[in-house]
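What follows is a short report on a single structure.
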Amino acid sequence: MVITKVVEWAPRVLAKGVAIAPSGLTCSLIEQLFRRLFASDSKAGAFAFLEGRWAGIEITDLGLQFAVSSHNQLLLVRPRAKPLDVTMRVTWPVLLQLATQQVDPDTLFFRRKLLVTGDTELGLQLKNLLDTIEMKERMPAFAYQQLELLAEKSLT
């Protein structure tokens, strides 16, 4: 099936893209995506706890590292910079499972598939916020369905 091939090849293709793309460009694209997906949350002040603080995100099998913060109700994404207040590490399949809420973040944390280092209170706030956001409501139906298929196949 085509989706199985995508699951097998996606991490390698994405990792190669991440390796050759300038980190500023990658972060700019992620920032625009986050601002669109989380616009209403940002305006409502849901990310206020990140104001002046930086959360590092690592997708280990893609070699992708960036930092997220909030300023004046806007999400900011920068190449990973020091110092970070908290760092969250996942793999591509785990990220897909989190995005589609197929697996509870606490389960992943206790299975050591979601690693949090640094200010764990800040990491817990971020995890709890992201756990309440329904990606299905924010993405076009077709895109979300494909994301769900990728996540399901990544579990096998």
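Looking across region 68-78, the residues that are more than 15 Å from Leu29 (Cβ to Cβ) and in contact with a Phe, Trp or Tyr (Cβ under 6 Å, 6 or more places away or on another chain) come down to Ser69, Ser70. Counting only residues that are under 19 Å from Ala99 (Cα atoms), surrounded by 14 or more Cβ atoms within 10 Å (Cβ to Cβ) and not aromatic (Phe, Trp, Tyr), region 31-52 holds 7 of them.
In this structure, is Ala55 closer than 19 Å to Leu126 by Cα and surrounded by 12 or more Cβ atoms within 10 Å (Cβ to Cβ)? Criteria met by Ala55. Between Gln73, Gln125, Gln101, the distinction of being in contact with a helix residue (DSSP H, G or I) (Cβ under 7 Å, 6 or more places away or on another chain), in contact (Cβ under 8 Å) with a residue 12 or more places away in the chain and either among the small types (Gly, Ala, Ser) or on the phi > 0 side of the Ramachandran plot (or both) belongs to Gln73 only. Looking at region 104-114, is at least one residue on the phi < 0 side of the Ramachandran plot, within 16 Å of the chain's Cα centre (by Cα) and touching a residue at least 40 places away in the same chain (Cβ under 8 Å)? No, the conditions are met nowhere in region 104-114. Is one or more of the residues making up region 36-47 more than 16 Å from Leu95 (Cα to Cα), modelled with pLDDT of 90 or more, more than 14 Å from the chain's Cα centre (by Cα) and among the aromatic types (Phe, Trp, Tyr)? Checking region 36-47: at least one residue is more than 16 Å from Leu95 (Cα to Cα), modelled with pLDDT of 90 or more, more than 14 Å from the chain's Cα centre (by Cα) and among the aromatic types (Phe, Trp, Tyr). Among the candidates Ala81, Ala143, Ala151, single out the residue that is assigned to a loop (DSSP other than H, G, I, E, B) and aliphatic (A, V, I, L, M). Among Ala81, Ala143, Ala151, only Ala81 is assigned to a loop (DSSP other than H, G, I, E, B) and aliphatic (A, V, I, L, M).
The values are calculated or read from the model by the stated rules, or taken from the named source; none is laboratory data. Computed from a predicted model, the values in this text were never measured in an experiment. No Cβ is skipped: glycine too gets one built from the backbone with ideal geometry, and neighbour counts run over all protein chains shown.
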